[in-house]
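**Student:** Would you mind keeping the following structure in view while I ask a few things?
A short reminder: the numbers here are calculations on the coordinates, not readings from a lab. The structure presented is a predicted model; accordingly, all values stated were derived computationally and were not measured. All Cβ positions, even for glycine, are placed from backbone atoms using ideal geometry, and neighbour counts span all protein chains on display.
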Amino acid sequence: MVPDLALNSGQSIPQLGFGVFKIDPAATAEAVSEALKVGYRHINTAEMYRNEKGVGEAVRASGLDRSISPANSTTDSTGPTMHAEHSMAPSRHLAPTTLTSS
């Protein structure tokens, strides 16, 4: 079992995550689906990667309980960062067009 990290917001996320940086948007849904099948429960994405739609498709198709919040988006007013805990938003806070039904 992968330990969780507590965020400043009071939320927690698994310490080990699957990043989708540089995954072609056309291949993202399949890659994330496979990651979820093998046990990943933390998917890191960002709007600048241009593949959030595939992440959303995979999360919806997985049938996982969305309260688990398996995806987060790295956003920050100063630009993307992979390490700032304050900038991680659980999936239920991502833009509806990216992770919810279209």
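**Student:** Ranked by Cβ crowding within 10 angstrom, fewest neighbours first, how are Val38, Val2 ordered?
**Tutor:** Ranking Val38, Val2 by Cβ neighbours within 10 Å, fewest first, gives Val38, Val2.
**Student:** Ranked from highest to lowest mean number of other Cβ atoms within 10 Å per residue, what is the order of the peptides 40-51, 25-36?
**Tutor:** Ranked from most to least packed, the peptides come out as 40-51, 25-36.
**Student:** Whose amide H sits under 5 Å from the amide H of Phe18, counting only residues 5 or more places off or on another chain, with H placed in the peptide plane?
**Tutor:** Close amide H contacts, sequence-distant or interchain: His42, Ile43, Asn44.
**Student:** For the range 1-63, what size does the Cα cloud have along each of its three principal axes, sorted from largest down, in whole Å?
**Tutor:** Result, largest extent first: 33, 25, 18 Å.
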